[in-house]
Amino acid sequence: MKFAKRVSLLIPALALMLSACGAPAAEVDRNSDFFLALPRIEVALDDNGTPSIAGLSPDMIRTLTFGTLDLSQFAIGKDWVDYLKSTGVQHIELAFHGKGAFIYANGKQLPSIRLSEESLSTVGDVAETVTGMFAPGYEGYASLAKRFLPLARSLGLGLVIRVPSTGAPEIPLRDPKAPAPAAPATPGDDSVQVRVVIDYDQNGVPSVAGISVSELEQMFGVDLTMLKLDPAFTRAMIDRGIQHVSMRSEGDGLALAFNDKPLPNLVCDDNCLKNTSEVIVALNTYPEFSQINELVKMFGPTLSSVNAELALRFPPAPGSQRIPLPFGSGN
């Protein structure tokens with residue numbers, strides 16, 4: 001009888017929760033051996049910052065899920081709700097699917113992360129390589145993560161957080177079926193161009209264009225210790241075959257690479273930069289930082305025209321061949 005009562009409570013709870021969901025958040029590979037695509041779930045905050053799903057209070061959800069889901073622990077507090085209301089933010093959406101992880105504020109896209117099969121594989125390689133350096137004893141977890149990371153492209157998850165209404169006209173949620181606007185693949189001809197390759201020696205001393213920090217210290221009598229790396233850390237990078245970590249701005253975001261392998265990209269095209277600048281200005285309501293808003297308004301939307309590349313390069317391990325820098329930008 002107790003089991004039947006629990007089931008009878010759980011079924012309407014699930015129905016109500018799913019009724020609060022929108023269209024599926026999934027663009028996943030349905031030909032793979034595993035995929036999971038869930039509808040978009042909407043969570044509403046009340047004026048005190050307490051979340052609810054389909055109008056169900058945290059107490060009711062805790063009862064219907066037999067104590068396994070307690071939304072009250074995710075309450076953000078009245079001050080945060082008042083702050084979000086003052087900025088005009090009505091809803092924030094987080095969408096994760098086979099193409100990446102995306103963030104929207106009031107239906108407008110903010111900087112997001114683009115995933116590919118190769119970049120996820122690289123993340124697993126990086127985790128295995130650096131875990132011993134930063135978290136010794138957890139190497140087994142890194143190996144496990146490497147096996148599970150490829151499954152991320154087979155997941156479709158979505159979450160919308162709604163802020164209490166201020167009486168302003170309602171802003172509709174984005175249509176998940178609407179095609180994303182095309183973004184230029186590279187910056188325009190009039191872009192700002194800059195490339196910096198920082199070479200570290202065996203002792204962690206950096207140099208640029210053959211001029212080392214040690215030489216600058218001697219020439220100008222300044223202490224630039226903060227720019228140097230711990231020699232033990234540098235040797236660990238060399239021992240693990242890490243020759244360079246690179247990033248490059250592109251017309252639609254920021255490309256990252258580990259040696260010659262790509263990492264997940266940060267995606268933000270012209271429209272996204274405009275949206276992000278507007279959101280930053282709206283969120284920055286502190287008078288002492290008001291001048292930052294002017295800089296964001298002026299330069300934020302133009303960042304897509306900046307062609308910049310930065311690489312941190314380490315010596316190759318003894319007997320190893322030098323790995324060329326990525327992006328076809330030289331050795």
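Electrostatic bookkeeping for residue 162 treats Lys and Arg as +1 and Asp and Glu as -1; over the other residues with beta carbon under 13 Å from its beta carbon, the sum is -3. Overall shape of the range 193-331 was characterised from the C-alpha gyration tensor. The equivalent ellipsoid obtained from it has semi-axes of 33, 21, 13 Å, in decreasing order.
Work out how much length residue 76 to residue 289 would gain on full extension: take 0.36 nm times their residue separation and subtract the Cα-Cα distance, in nm to one decimal. Walk me through the numbers before you get to the answer.
Numbers: separation 213, 0.36 × 213 = 76.68 nm, distance 2.42 nm.
Working it through step by step, the gained length comes to 74.3 nm.
What is the sum of charges, Lys and Arg at +1 and Asp and Glu at -1, for the other residues whose Cβ falls under 15 Å from the Cβ of residue 48? Result for the neighbourhood of residue 48: -2. What separates the Cα centres of the range 65-111 and the range 285-331 is a distance of 29 Å. Normalised per residue, the accessible area of the range 184-307 is 58 Å², obtained with a 1.4 Å probe and no contribution from ligands, DNA or RNA.
On the accessible surface of the range 129-172, probed at 1.4 Å, how many percent belong to carbon and sulfur atoms? The partial results should precede the final answer.
Numbers: 1800 of 2780 Å².
It is 65 percent, rounded to a whole number.
Taking packing as the residue-averaged number of other Cβ atoms within 10 angstrom, the listed peptides 93-103, 165-175 run from highest to lowest as 93-103, 165-175. Accessible area per residue for the range 110-171, computed on protein heavy atoms with a 1.4 Å probe, is 57 Å².
The values are calculated or read from the model by the stated rules, or taken from the named source; none is laboratory data. Owing to the predicted nature of the structure, the values given are computational and were not obtained by experimental measurement. We place every Cβ from the backbone using ideal geometry, glycine too, and count neighbours over all the protein chains shown. Note: accessible area is taken over every heavy atom of the protein model, side chains too, but ligands, DNA and RNA are not part of it. Shrake-Rupley method; radii C 1.70, N 1.55, O 1.52, S 1.80 Å.
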